[in-house]
Amino acid sequence: MSSRLSPLAGKPAPASLLVNLPRLVTAYYSLRPDPAVREQRVAFGTSGHRGISFEASFNEAHVLAITQAICAYRRQQNINGPLFLGADTHGLSDPALATALEVLAANEVNVMLSAGDEYTPTPAVSHAILNYNRGREAGLADGIVVTPSHNPPDSGGFKYNPANGGPADASITTWIEERANQSLQKGLADVQRIPYSRARRAPTTHAHDYVTAYVAELGTIIDMDAIRASGIHMGVDPLGGAGVHYWGRIAEQFGLDLDVVSDVVDATFRFMTVDWDGKIRMDPSSKYAMQRLIGLQTRYDIAFACDTDHDRHGIVTASGGLMPPNHYLAVAIDYLFGYRGQWRPSAGVGKTIVSTALIDRVAARLGRPLYEVPVGFKWFVDGLLDGSLGFGGEESAGASFSRLDGSVWTTDKDGLIPALLSAEMTAVTGKDPGQRHAALTREFGPFIGDRVDAPATAAQKRKLSKLSAKEVSSGELAGEKITQVLDRAPSNDAAFGGIKVISAGGWFAARPSGTEDIYKIYAESFRDQEHLSRLLQEAQSIVDAALAGA
């Protein structure tokens, strides 16, 4: 296994890395996927179908087939309210949105398209679905977001959010995936479509002001008065993403001292610094991709960024720079459950199986139930919707939480509200999130974590996803007795497509990525950095053995 750091990591993107946008879009329209080739079929990962047009894995045919399948699913489920349609700033997102609209209009679906063709964050779509459906039992709305999230500029993505506002669960995505692949096999014969110009003028196509609807309600989830009264100086880097024009509206509406570091939108993302592996990736949790904002940390009391569809966050503190996502999740949970007096006493904490064990300690001290699930935000949807979860968070810097009164805000990841929460806690407590994390480690001891990513073929990813607890023969981990080996999540007994090995001094987990051609090894030591290195080394040996011959 290899996780070699690119010599370009953290440096400005050279011209040689920039995607050729005309050729990318030409490939989207001209290449035809072969449904007999696994890599060219529709495949929903943890967050929709993703691919690259150059590789015939994200092309017009995919979007035609998926959209028609969604129309068929809506009819089957009697979902006949509006469909909220949004897209981010990736080069393939506008073409894919246009394709989707052609199919939706032909199927007479009422589509809520962003007013003025404004880019639309994932959480704005989830927020719109939930607001529309509140109090309704029929005529429910759903949504589509055209985004590959933080993936590189040559990527495209397409995800469906049903009437609960969150990511579609496996039963839905499997149905849509199978139907779409059948359509590809039949040469798209079942696809209904009208020209884009007609689709735009169709009586079923409506303009919706996502920006105003979302921004207007932020005061119901974040204490904006406290932030404004404190006078703290904030900075935000939208990373050229879908929320680029939201931040100025937020500052204006709530009277915040908030600088937008850059409002440039450029689908090559030439303004980014290069990620660990030599690729451009708009990941707000990566110290390599976040060099621009990290370099400005001393200018602000608190600064933050979001990824391309604004469903992930990155927090940069004056005291310590960019926070690891796990550190901030623990701090956010500690703060929220201490300062949200209207939340129900039984509201729990949701975490993924590869998130820090510090969350477990904080939840126990707060007396809150812990809900530990596989990777994928879909596992938090029901709890956020009914209020049994006050917070749901993933180790990859994705989270959402309840409004001030305990009611649901979004059931999909929202990068804007954790970012604004970092400002609220700084304003209210006088300590930034980095300082609050230091206090938690003084209380509970060290939690030193790391993640190793490495390239993986489809065959390797399949093999790793089927690794079971029984295949771990070792009785020790980094010199300590193994106390537990898991291949299913503790709270819902769902398989998580990998393994987690636990000892008294730490743990590691291994699983393939659901969205990229990589696999991930997570490890956390409750001892020190040397112990963490041992955990990672032994984890790598186990994974290498598991992937042998794949």
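Tally Lys and Arg at +1 and Asp and Glu at -1 over the other residues with C-beta under 12 Å from the C-beta of Val125: what net charge comes out?
Net charge in that neighbourhood comes out at -4.
How would region 167-228 be classified by its alpha-carbon gyration tensor: rounded, prolate or oblate, with rounded meaning a/c under 1.5 and the a/b versus b/c comparison settling the rest? Before the final figure, lay out each step's value.
Details: a/c = 5.61, a/b = 1.78, b/c = 3.14.
Because a/c hits 1.5 or more and a/b fails to exceed b/c, region 167-228 counts as oblate.
With the radius of gyration and the Kirkwood radius both derived from the Cα set of region 29-109, what is their ratio Rg to Rh?
Over the Cα atoms of region 29-109, Rg/Rh equals 0.97.
Using alpha carbon centroids, what distance separates region 234-294 and region 75-119, in Å?
25 Å
To the nearest 500 deg cm²/dmol, what mean residue ellipticity at 222 nm is calculated for the chain from DSSP H runs of n ≥ 4 alone, each contributing -39,500 (n - 2.57), summed and divided by the residues?
Here the helix-only value at 222 nm equals -10000 deg cm²/dmol.
Please tell me the relative contact order of region 217-444 in percent, rounded to the nearest whole number, where contacts are Cα pairs under 8 Å and at least six residues apart.
Over region 217-444, the number comes to 21 percent.
Do any GluC sites (Glu not before Pro) in region 114-187 lie in a DSSP loop with no more than 13 other beta carbon atoms within 10 Å, and if so, which?
The qualifying sites are Glu137.
If you wrap a convex hull around the Cα atoms of region 279-324, how much volume per residue is inside, in Å³? List each step's numbers first, then the result.
Details: hull volume 3.0 nm³, N = 46.
Given the Cα convex hull of region 279-324, per-residue volume reads 65 Å³.
May I ask for the Rg/Rh ratio of region 408-500, computed from Cα atoms with Rh as the Kirkwood radius, given to two decimals? Could the numbers behind the result be given before it?
On the way: Rg = 19.2 Å, Rh = 17.7 Å.
That ratio is 1.09, to two decimals.
Quick one: work out the % antiparallel among DSSP beta bridges in the chain, nearest 5. Before the final figure, lay out each step's value.
Details: 48 of 76 bridges.
DSSP beta bridges in the chain are roughly 65 percent antiparallel.
When the Cα atoms of region 448-547 are enclosed in a convex hull and the volume is divided per residue, what value in Å³ results?
95 Å³
Working from the pairwise distances between different alpha carbons, so that the mean of 1/r is found and then inverted, what is region 31-208's Kirkwood radius in Å?
15.9 Å
Averaging sequence separations of C-alpha pairs under 8 Å and six or more residues apart, then dividing by the length of region 239-281, give the relative contact order as a whole percent.
38 percent
May I ask you to derive the relative contact order of the chain, considering only C-alpha pairs under 8 Å and at least 6 residues apart, and to give it as an integer percent? Don't skip to the answer; put the middle values down first.
Values: 1249 pairs, mean separation 77.5, N = 550.
In percent, rounded to a whole number, it is 14.
Gap in Å between the Cα centre of region 471-550 and the Cα centre of region 402-444?
Going from one Cα centre to the other spans 29 Å.
For region 217-444, give the share of DSSP beta bridges that are antiparallel, in percent and rounded to the nearest 5; count only bridges with both residues there. Intermediate values should be presented prior to the final figure.
Working: 11 of 26 bridges.
That works out to approximately 40 percent antiparallel.
Out of all DSSP beta bridges in region 162-315, what portion is antiparallel? Express it as a percent rounded to 5.
Close to 30 percent.
For Lys413, Lys11, what ranking results if the residue with the fewest other Cβ atoms within 10 Å of its Cβ goes first?
Neighbour counts put them in this order, fewest first: Lys11, Lys413.
Using C-alpha positions alone, give me the convex hull volume of the chain per residue in cubic angstrom.
140 Å³
Please state the charge dipole magnitude for the chain, taken about the Cα centre, from unit charges on C-beta atoms (+1 on K and R, -1 on D and E), reported in debye and rounded to the nearest 20.
Dipole magnitude for the chain comes out near 740 debye.
Every read-out reported here was derived from the displayed coordinates using simple, explicitly stated rules and does not represent laboratory data. Everything quoted here is computed from the prediction, not taken from an experiment. For neighbour counting, all protein chains shown are included, and Cβ atoms are generated from backbone atoms with ideal geometry for every residue, glycine included.
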